[in-house]
Amino acid sequence: MSHTLTHMRRVGRYLYRYCLYILFAGLTLLATADQPLLLSDVRIESYRELYGEQAARRLTAWQNLIREGSQLSERDKLERVNRFFNQVRFLDDIVHWKREDYWATPVEFLISNGGDCEDFSIAKYYTLRAMGVPEQRLSLSYVKALELNQAHMVLTYYPSPTAVPLVLDNLINQIRPASERPDLLHVYTFNGESLWLSKKGQRAELVGTSDRLKPWVQLQSRLENNRVNIQQSQERQ
């Protein structure tokens, strides 16, 4: 009888520990699903196996930036994030992704160590959001780079709704107000919710929601589902 009771107690303790494991594992998965930019050590290690040591190091440095920079002032966050991503290689979509237009997730951007202006701006946007900068202060802005005579994207930061925004640009490392960037002609701007026509960097007229932009919708889907599209030729850069 005593042997049976002892066995039952052991089984009970095992089941209790197992249930706790399942509970904590489930909570971890939920946290990761709610915050897709936060990568676990296991996920980074899987990327290391797939894409090489340098890719894993870039992802680890990015995660450290998010964690360590969350307590900084917003201006310091802008400076850190802009400087971090402007180290990545600029590569045209047709060369890098073999497509006319492809908006990469931050993970794809860092693993492949390359991208164009949209990829720089998107990575900065999502990273600042992960560091606690409110969405209403950030916009992805389509502009015309007048000196290059071509379409371009930058990230704009609005200290207040009516303020002239600061411009984070992969073309230059300095963060300047839009009023000090006469080389950029602003066309439209958007964030996770809204789409505006833009004038001199400011949100001039609300014209709808950002889900009208198909590349933006596709990007968000890949990000939420942790999908990575990296070709063999892009690995281990």
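Could you give each residue of segment 152-169 its phi-based ³J(HN,Hα) in whole Hz, using Karplus coefficients 6.51, -1.76, 1.60 with θ = phi - 60°, and x for Gly or Pro?
8, 10, 9, 9, 10, 10, 10, x, 8, x, 9, 6, 5, x, 8, 10, 9, 9
Can you give me the distance in nm between label points at ARG176 and THR209, each placed 7 Å from the Cα along the Cα-to-Cβ direction?
Taking the two extended label points, one gets 3.7 nm.
For segment 166-224, state what percent of all Cα-Cα pairs lands in each successive 5 Å bin, counting from 0 Å until the bin that includes the largest distance.
Taking all Cα pairs of segment 166-224, the binned fractions are 4, 18, 21, 18, 18, 16, 5, 0 percent.
Taking the Cα centre of segment 36-234 as origin, work out the dipole magnitude from +1 charges on Lys and Arg Cβ and -1 charges on Asp and Glu Cβ, in debye rounded to 20.
The dipole magnitude comes to about 240 debye.
A 21 angstrom limit on the alpha carbon distance is what I want to check against. Which of LYS144/LYS199; LYS98/LYS214; LYS77/LYS200; LYS77/LYS144; LYS144/LYS200 exceed it? Please list the in-between numbers first.
Numbers: LYS144/LYS199 12 Å; LYS98/LYS214 18 Å; LYS77/LYS200 24 Å; LYS77/LYS144 26 Å; LYS144/LYS200 12 Å.
Long pairs (Cα-Cα over 21 Å): LYS77/LYS200; LYS77/LYS144.
Taking amide H positions as placed 1.01 Å from N in the peptide plane, with prolines and chain starts having none, which residues 5 or more places from TYR188, or on another chain, fall under 5 Å of its amide H?
TYR142, SER198
Could you work out how much longer the chain between GLN136 and THR60 gets when fully extended? Use 0.36 nm per residue separation minus the Cα distance between them, nm to one decimal.
Values: separation 76, 0.36 × 76 = 27.36 nm, distance 2.78 nm.
Length difference between fully extended and current span is 24.6 nm.
Using Cβ counts within 10 Å as a stand-in for footprinting exposure, how do ASP93, ASP183 rank, fewest first? Provide the component values of the computation, followed by the final result.
Numbers: ASP93 18, ASP183 15.
Going from least to most buried by this count: ASP183, ASP93.
List the residues whose amide H sits under 5 Å from the amide H of LEU38, counting only those 5 or more places along or on another chain, with H placed 1.01 Å from N in the peptide plane.
none
Since every read-out is calculated from the coordinates, none of them should be taken as a lab result. If you're wondering where the values come from, they're calculated on a predicted model, not measured in any experiment. Note that we place each Cβ from the backbone using ideal geometry, even for glycine, and neighbour counts take in every protein chain shown.
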